[in-house]
Amino acid sequence: MPKLTTYAASAEDVKTAIEAGAKHLILEDAKVSIRCYSDDYKELHFEKVTYLANLAREISPSIELSFNIDVMAHDYHLPTITDAVNTCRYAGISEFRVQDPGLALLIKTLHPEATLTLATETGNNNSGSHRVFSRWFARQMLGNELTHTEIAAMTQGNASTFDIQVHGPILIQYSYRRYMSGFRTSRGETSRRLAQDLEYPGRYFPFFENPHGHFMYLFFDRCLIKYIPLLTSLNIGRWIVDARGESLAYLKTALQAYKNALHEFEQSPTQYELSPKTISDLESVGKRALKAGFFLANKTDSERRLALKILQDTSQYLGTIVDVIRGKWITIELERSISVPSPVTLFSPEGPQVSFNIDSLFTLTDEPLAHSSHNRYVKTAWQKGAVPKSVLLAQETLD
Amino acid sequence: MMRPELLAPAGNLEKLETAFSFGADAVYIGNWIFGLRKFADNFTLRQMEMGINLANRLGKKVYVVLNGFAHDEDLEALRPYLIELNRIQPHGFIISDAGVASLSQELTTVPLHVSTQASVTNAYDCAMWKELGATRIVLAREVTIDQIREIKRQVDIELEVFVHGSMCASYSGKCVISNYTAARDSNRGGCIQSCRHTYELINEENGETETTHIMNAKDLMTLNLVPDLIDAGVESFKIEGRMKSPMYVASVVTAYRDAIESALENRSPDANAETELEKISNRGYFTGGLDDRPAGESINYATNGHSAGVKYLGSIKSVNEQMGSVILSRGILSVGEEIEIQSPTGIYAYTIGEMRDMAGRSLEKCVPSQMICLPDLRNVPENTILRKPIVEVVTENA
Ligand code: SF4
């Protein structure tokens, strides 16, 4: 049974989340939780976290708590992080989430019993990387770029030590630079705008800026409510509803939707059907469209990478055409030596492939060659279809 | 003072040779599969082997970039490739993904350098990667020189720092805009540079709008910081730009070679170096995050274009008695035209006297991507650059 999990940075967040069904709260303080929308910068220490932890346990003694330190740590952050870890330790919080993997070493020094979750946002999308990081991290966050088939294959159907974002805004860029405050110096420490990329009109990206930097979110929110049976089959330990920067109604509605859907599915897996009202409720509290993102399929660059792989895998690459004089010569920059005659295939960047025989070869100074020998550039008779940058492949595998 | 390595980008063999001719100690190159750059600007295995052999002959180094963030399917594709790479023994792998790093450790004996894509910003990250076998860290571009000193004090590991070139607006590796907007994986070679686009910003509270290039980072240039970087203990000075022209490679390598040598010899650097860097295509320069946290001055809000004061016309591919210089042209050259010859010994004026095509016919003019020869241009080495001064232009990107 997955644990419904969400972020909480205020008393209202804590109360709403627990009432709506959260079983695990990731507490936040804006000084070290970079995507936190509460204004904690003026408070020197982390008393708020102690207060929120006590409040949460008062409402629900069984609630699980962790603390989010997802800052990309520069030297000047280290005393603040140390303060946060020490405060959490006294508040009985011993689980920490980090984005910057090296912080595991610092936190373990400060709090040897701490358990750690790695939530890198990007770049931890394969089983090899998961294996490496499991040396320091008890749990890891599954990247939003992973499909359900990848998750199933990577975790062999048991993802209990993983977290997944099931709902909420998708972060697509994090910068240390504060673009908006740089543009208009009068803007405050935090600001929010909607940004329309004029090359993709109609898509509105939420921008958020705070002392940690700039955050760009996607024009739609991630929503996996339609895939409860599939999600459940992956046995992922925690389902995260991310409502940071959204209203309390968003937080409440989203948590309740997943709680109810999960409950109904578990009661009767074969009869389960998502009610259309659940979707309309979710839509009514959000500002953006709701989509599954890459959870169902991720075809980014598949065609381009396949074409490159074909070229890479071939052991027949001879060279590239660098110059063409129509009706007379083509000049080839050779990667491998060739002899005449040689059957070759030409892949033009402008069109289909052409097969022909190289029956003659010449040096740049027009001396005939039987074999290209050490010449890097050779000329041969003009061939229809040849244009500069065409790739030449031998028709037989070369040594 | 320790002599740092000058590390140049090489998108292909021509650029690799250019970088070495103009004074680079090492180059980094990519492959078609997994190098975060496009097809045209990568090496085949065979070309890599040729580049590594050349470097070994010259006492220089070649590092292979494998800095995409992998999915499991990529790891599978990498296995045979890593075995092949181990055979040709580059001098290092530049890797950002822990899974790729671990696979490279398992299958090869090639030293592991951690890419800037891993966004390493502190000594704890360095210590963790060292534990995983890394011998060098390419620090995040957000780290200041003071922070570099501190990292160096705490961890015994080689540090590499970007000193020149284009900047990713985000923490490297922390951007997936292209994945969602263009179905191209930013972290597997598909970034479409959305941060250079024009954005309309809407204030939802009052409806006000502003249109600007809000994330368009200027280029990094740190000639003046070279002495401080050497003093901070940086082992390798890295130049960005595998997709840029041989002229860019030649100009930037020349400028930083001089800056390093003059710092080591405690003399003033070439007063002209900065002007030369201003001439190659750039988006406006700033000192990155090395001085301090970059703010508004690091963004070119007004335009996403480039300005340039010279145009690249081609490189000399070979020189022989019969033909003079053989050139693969990258622009239009005309007989009688005054151009510049940029060689490792300096920049010289030259007027094109005679031009022939590969069939030996006399030409008045050539077109881009045409092989030509200049019979009266003889006493120049291969990889010399032909270029033409132009009135400074600003080109808006499409
Ligand atoms: S879109 Fe810009 S910020 Fe994003 S990866 Fe590409 S260069 Fe970096």
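For region A:364-384, which positions are within 11 Å of chain B (Cβ to nearest Cβ), more than 16 Å from A:Arg336 (Cβ to Cβ) and at pLDDT 90 or above?
Within region A:364-384, A:Lys379, A:Trp382 qualify.
Name every residue in region A:257-280 that is aliphatic (A, V, I, L, M) and in contact with a His (Cβ under 9 Å, 6 or more places away or on another chain), in order of residue number.
Correct list: A:Ala257 only.
Any residue at all in region A:157-171 that is within 16 Å of the ligand (Cβ to nearest atom) and within 10 Å of chain B (Cβ to nearest Cβ)?
Taking every residue of region A:157-171 in turn, at least one turns out to be within 16 Å of the ligand (Cβ to nearest atom) and within 10 Å of chain B (Cβ to nearest Cβ).
Restricting to region B:328-346, what's the tally of residues that are within 17 Å of B:Ser21 (Cα to Cα) and touching a residue at least 40 places away in the same chain (Cβ under 8 Å)?
4
Enumerate the pairs (first residue in region B:82-109 and more than 14 Å from every other protein chain (Cβ to nearest Cβ); second residue anywhere and hydroxyl-bearing (Ser, Thr, Tyr) and surrounded by fewer than 23 Cβ atoms within 10 Å (Cβ to Cβ)) with beta-carbon separation below 9 Å, excluding pairs fewer than 6 apart on the same chain, so at least 6 apart or on different chains.
B:Asn86/B:Thr108; B:Asn86/B:Thr109; B:Gln89/B:Thr108; B:Gln89/B:Thr109; B:Gly92/B:Thr135; B:Phe93/B:Thr108
Table: residues versus (1) modelled with pLDDT of 95 or more; (2) more than 14 Å from chain B (Cβ to nearest Cβ); (3) out of contact with any strand residue (DSSP E or B) (no Cβ under 6 Å at 6 or more places or on another chain).
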site	(1), (2), (3)
A:Asp242	yes, yes, no
A:Tyr250	yes, yes, yes
A:Ala257	yes, yes, yes
A:Phe265	yes, yes, yes
A:Pro269	no, yes, yes
A:Ser280	yes, yes, yes
A:Phe295	yes, no, yes
A:Ser302	no, no, yes
A:Leu306	no, no, yes
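Consider B:Ser178 carefully, then state whether it is within 16 Å of the ligand (Cβ to nearest atom), in a loop (DSSP other than H, G, I, E, B) and hydroxyl-bearing (Ser, Thr, Tyr).
Against the criterion (within 16 Å of the ligand (Cβ to nearest atom), in a loop (DSSP other than H, G, I, E, B) and hydroxyl-bearing (Ser, Thr, Tyr)), B:Ser178 does not qualify.
Output the residues belonging to region B:163-181 that are closer than 18 Å to A:Leu218 by Cβ and more than 7 Å from chain A (Cβ to nearest Cβ).
Of everything in region B:163-181, just one residue is closer than 18 Å to A:Leu218 by Cβ and more than 7 Å from chain A (Cβ to nearest Cβ), namely B:Ser178.
Tell me, which residue of region B:126-162 that is within 16 Å of the ligand (Cβ to nearest atom) and out of contact with any strand residue (DSSP E or B) (no Cβ under 8 Å at 6 or more places or on another chain) is farthest from the other protein chains (Cβ to nearest Cβ)?
B:Ala140
Step by step: first the residues of region B:163-173, then only those that are within 13 Å of the ligand (Cβ to nearest atom) and touching a Ser or Thr at 6+ places or on another chain (Cβ under 6 Å), then the one that is nearest to A:His74 (Cα to Cα). Which residue is that?
B:Tyr171
Give the residues of region B:182-216 that are at the interface with another protein chain (Cβ under 7 Å from one of its Cβ atoms), of a type in the set (D, E, K, R) and under 20 Å from A:Arg192 (Cα atoms), sorted by residue number.
Residues satisfying the conditions are B:Glu200, B:Glu204.
Six or more apart or on different chains, Cβ under 6 Å: which pairs go from a residue in region A:45-64 that's within 16 Å of A:Ala20 (Cβ to Cβ) to one that's surrounded by fewer than 17 Cβ atoms within 10 Å (Cβ to Cβ)? Could you list them?
Short answer, once both residue conditions are applied: A:Leu55/A:Ala11.
Out of the residues in region B:49-72 that are without any contact (Cβ under 8 Å) to a residue 12 or more places away in the chain and more than 8 Å from chain A (Cβ to nearest Cβ), which is surrounded by the fewest Cβ atoms within 10 Å (Cβ to Cβ)?
Ranking the candidates gives B:Gly59 first.
I'd like to verify a number: residues in region A:207-249 that are over 17 Å from A:Ala159 (Cα atoms) and touching a residue at least 40 places away in the same chain (Cβ under 8 Å), how many?
Summing the residues that are over 17 Å from A:Ala159 (Cα atoms) and touching a residue at least 40 places away in the same chain (Cβ under 8 Å) in region A:207-249 gives 24.
If we scan region B:223-234, do we find a residue that is in contact with a Lys or Arg (Cβ under 8 Å, 6 or more places away or on another chain) and within 14 Å of chain A (Cβ to nearest Cβ)?
Taking every residue of region B:223-234 in turn, at least one turns out to be in contact with a Lys or Arg (Cβ under 8 Å, 6 or more places away or on another chain) and within 14 Å of chain A (Cβ to nearest Cβ).
Can you give me the number of residues within region A:121-146 that are more than 9 Å from chain B (Cβ to nearest Cβ) and not small (Gly, Ala, Ser)?
Looking only at that region, the number is 5.
What's the total number of residues in region A:179-201 that are within 11 Å of another protein chain (Cβ to nearest Cβ) and more than 20 Å from B:Asn304 (Cα to Cα)?
Summing the residues that are within 11 Å of another protein chain (Cβ to nearest Cβ) and more than 20 Å from B:Asn304 (Cα to Cα) in region A:179-201 gives 6.
Among the strands (runs of 3 or more DSSP E) contained in region B:335-383, which hold 2 or more residues that are surrounded by fewer than 14 Cβ atoms within 10 Å (Cβ to Cβ)?
Result: B:346-351.
Among the residues of region B:188-215, write down those that are near the ligand (Cβ under 8 Å from one of its atoms), surrounded by 24 or more Cβ atoms within 10 Å (Cβ to Cβ) and not hydroxyl-bearing (Ser, Thr, Tyr).
B:Cys195, B:Met215 - these are the residues of region B:188-215 that are near the ligand (Cβ under 8 Å from one of its atoms), surrounded by 24 or more Cβ atoms within 10 Å (Cβ to Cβ) and not hydroxyl-bearing (Ser, Thr, Tyr).
Before we move on, is B:Ser115 modelled with pLDDT of 95 or more, closer than 12 Å to B:Glu160 by Cβ and within 26 Å of the chain's Cα centre (by Cα)?
Against the criterion (modelled with pLDDT of 95 or more, closer than 12 Å to B:Glu160 by Cβ and within 26 Å of the chain's Cα centre (by Cα)), B:Ser115 qualifies.
The values are calculated or read from the model by the stated rules, or taken from the named source; none is laboratory data. For clarity, every value in this text was computed on a predicted model and none was experimentally measured. Here Cβ is always computed from backbone atoms with ideal geometry, including for glycine, and neighbour counts include all displayed protein chains.
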